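Colleague: Take this structure first; my questions come after.
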Amino acid sequence: MIGRLPETLSVNNREYAIRSDFRVALLIFEAFEDAELTQAEKAETCLKCLYKESVKQNDMEKAYEQAVWFLDGGDMPKTKKAPKRLMDWSQDESMIFAAVNKVAGYETRTCDYLHWWSFLGLFGEIGEGLFSTVMSLRSKKAKGRKLEKYELDFLRENRELVELKRKYTSEEQAEIDRINKLLE
């Protein structure tokens, strides 16, 4: 498959056509981050979004494995342990697209189609800029490393940009709101 971008995924010796545009992958990631959805609902959303046709019941588990393989960029080398979450596709959207567009040389959101793996390739080539600065600060903080003075200054001035927001379920948010109201 050298140089070919997958448009189908093989599941139990059957080829399933997929929606390979980057927007679909980002939509799936948004579902994965939704605190309101159960793991089963997230998997179901993934399958419904990615596959163009309904996946047969006995193919669902393998179809989900293949979907994750596709979303991970295929046979790319993986780290042994799951890294601490440093990025949020929704929260960081404007920074990500600015950086990807700089690499691509055009506004990727306006193109009719861009394969997910092509988007990942552009994403992987992001160089110096706001997004890489924010990622560097998040990484240092996650590892407990000391920040330089200029990094501390940047953090103080851009805390909303640097700190990842926790996503709460509606029940958790209601409890937070209730407690805050009691404290007023």
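Colleague: I'd like the projected area of region 113-159, averaged over all directions, using the convex hull of its alpha carbons. Report it in nm² with one decimal. Don't jump to the answer; show the numbers that get you there.
Modeller: Values: hull surface 17.7 nm².
Mean projected area for region 113-159: 4.4 nm², to one decimal.
Colleague: Mind ranking 46-54, 158-166, 8-16 by how tightly packed they are, going by the mean number of other C-beta atoms within 10 angstrom, highest first?
Modeller: 46-54, 8-16, 158-166
Colleague: Oh, and also: Any idea of the accessible area per residue across the chain, 1.4 Å probe, to the nearest Å²?
Modeller: Values: 12230 Å² over 184 residues.
Per-residue value: 66 Å².
Colleague: By the gyration tensor of its Cα atoms, with a ≥ b ≥ c the square roots of the eigenvalues, what is the shape of region 87-184: rounded for a/c under 1.5, prolate for a/b over b/c, or oblate? Don't skip to the end; give the middle numbers.
Modeller: On the way: a/c = 2.79, a/b = 1.45, b/c = 1.93.
Verdict is oblate for region 87-184.
Colleague: In Å, what is the Rg of the alpha-carbon atoms in region 1-65, and how long is Dmax?
Modeller: 12.3, 39
Colleague: Sorted by average packing, counted as other Cβ atoms within 10 angstrom per residue and highest first, what order do 23-32, 36-45 take?
Modeller: Details: 23-32: 17.4, 36-45: 13.1.
Top of the packing list down: 23-32, 36-45.
Colleague: Another one. Please compute the contact order of region 54-159 in relative form: average sequence separation of alpha-carbon pairs under 8 Å and at least six residues apart, divided by the residue count, as a percent. Could the numbers behind the result be given before it?
Modeller: Working: 42 pairs, mean separation 23.8, N = 106.
Computed over region 54-159, the figure is 22 percent.
The values are calculated or read from the model by the stated rules, or taken from the named source; none is laboratory data. For clarity, every value in this text was computed on a predicted model and none was experimentally measured. Neighbour counts are summed over all protein chains in view; Cβ atoms, including those assigned to glycine, are modelled from backbone coordinates with ideal geometry. Heavy atoms of the whole protein, side chains included, go into the accessibility calculation; ligands, DNA and RNA do not. Shrake-Rupley method; radii C 1.70, N 1.55, O 1.52, S 1.80 Å.
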